[in-house]
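Down below is the structure, laid out as C-alpha cells.
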Amino acid sequence: MTLQLPSKIATPQQIEDVIMDLEKYAKWFSQASIKMKGKIEIGDPPQISNEAVKLLDQVTSADDITTKKIDGLINSLLDIKDDSPRLTLTLAARPTQDTKVQLIEWCRTNLSDQVLVDFKMDRRLLGGMTVQYGSHIYDWSFQKLINQNADKLPGMLRNV
Amino acid sequence: MVSTMWIEWLLYIDIFLLGVASTAAVLHWYHRLRGNSRTPDPRLSVLTKSDKQQIQQDAREQFKQTLNAAADRLEHDLKATTDRISLHLEELGNQTADIENKRYRQQLDGIFNQAETDVAAARSSIEQYIGEYQQSLESLHQAAKQDIEQTKNSVAAYADHHEEKMELLLAQATKTITDSNQHIVGYRDSLQQRLEQLDQMSQNQIVNVNQEVDTYKEQLKQQLQAHIEQEKQWVSRQLDDRFADVVMAFLNQTMQRNVDLGSQTDYLIATLEENKDKLIKGVAGDTATPQ
C-alpha cells in the first residue's frame, strides 16, 4: 500500500520531525511490550504529532501494532524524504496554512502522491509565484508579468 | 643517224652470239639426257665401265672448256660493245649539246636585237612626250602669271576704293561706343542708388518683422505655458480621479484574469492548473531519472 502523506507534511524537515516522533513512540512501544510481558505497569505514551498518528493509522490499527510495522513506516518515510520529487514555491507574501494545504494537495493530486513542497517568501515578486524543481525554474510572478507588459502602461495612461 | 645504226647492228650481233651459245648449251644438255635413255650402242658394250667413265669425264671437261671459252668470248664482246656504245653515246651527246647551244645562242641574239629595238622606240616616245609636256607646262605657267597680275591689280583697286569707307565706319563705331559707355555709367549709378534704397528698406522691414516675431513668440510662449498649466491640472485631476482604475485595468490586463490582491490562493491554483502539463512533465522527468 502506498503511504499517503498528510497535507501538513510537505518538507524534508517535517518528515524528519515525524520520524523523530515515530522513533520516540517505537522506543516507548518496545519498552511497553517488555513491561507488559513482565506485567509491570507501563507509563503513558509519549506526545506525538497528529500527523504521526495519522501515519500510524495508515499502516496499523491499535490492536495489531508492532515494532516491525513502525520501523517499516519509518523506512518508508526515509525513502520518501530521499527519493520523492521536491518543489519549491516562492510566494510574494507569507502563505497561510490553508493556502499551503491547498497548494500541497493540488500538487499531490496532480503531480505526484508523495511530492514534497517547500515554501519561500520574496516580496519583490509582488504577487503570483515561482516554482522550482531541480534545475528548472518557472517564473509566474506579477513582477515578471508587469515587466513584460510595462510598455502598455503609458498607452493606458494616455487614454485616461 | 650513222652512229645510231652502228649501235643497233652491234646489239643485234651480240644478241645473235648469245643465242648461239644458249642453243649450244641447250642442245648439249638435251643430247646428254637422251644419251641416258637410248638403247646402248653395241659398240659401247665392248667398253669397260672405267673406259666409259673416262670418256664421260673427258666429254664433260671438254664441254666445260667450250662453255667457259664461249662465256669469255661473250663477255669480251659485251665489254667491247659497251665501250663502243659509251663512246658513241658521248659523241652523240656532245654533238647534241653543240647543236642545242648554237640554236639557243641564235634565239638569244634575236631576242636581244628585238629588245634593243623596243627600248630605242620607247626612248624616242618618252622624249617626244617630255617635249610635249614641257610646252604645255610653259603655256600654263604663262597663263597663271597673267592671272596673278590681273588679280593683284584688281585687289589694289578694291583696297583703294574701300579704305575711305572703312575709316568712316570706324569713326562712327568709336563714337557709338563712347556714347554707350556714358549711358551705361549713368544707368549703373542710378541702379546703385536704387539698390541702396531697397537695401535700407529691407533692413527696416527685417527689423520690424523681427520685432513682430519676438512679440508673437512671447505671446505664444505665454499661451503655451498657460495651456501646459491647464493640461497639467487636467492630467492631475484625471490621475487623481482615475489612476486607481488605470492601475487595476493594467494589472487585470497584465495578469489576464481577475486578481484578488488580498488572497491569492485561487490565483495560484489557477496558475498551477494552467501550467499543469509543464509541471507534470518536469516532475515525471525528475522522478524517472533515478529509476
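Taken together, the values in this text are just the output of simple stated rules run on the coordinates, not laboratory data. Just so you know, these numbers come straight off a predicted model, no measurement behind them. Reconstructed Cβ throughout: ideal geometry from the backbone, glycine too, with neighbour counts over all protein chains shown.
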(request) Go through the residues of region A:29-51 one by one and say whether even a single one is in contact (Cβ under 8 Å) with a residue 40 or more places away in the chain, within 14 Å of chain B (Cβ to nearest Cβ) and charged (D, E, K, R). (result) no
(request) Spot the failing condition for residue A:129; the list is (1) without any contact (Cβ under 8 Å) to a residue 40 or more places away in the chain; (2) facing chain B (nearest Cβ under 9 Å), and only one is missed. (result) (1)
(request) Out of the residues in region A:133-143 that are facing chain B (nearest Cβ under 10 Å) and more than 12 Å from residue A:92 (Cα to Cα), state the one that is surrounded by the most Cβ atoms within 10 Å (Cβ to Cβ). (result) A:133
(request) Could you run through region A:107-132 and say how many residues are surrounded by fewer than 17 Cβ atoms within 10 Å (Cβ to Cβ) and within 14 Å of the chain's Cα centre (by Cα)? (result) 4
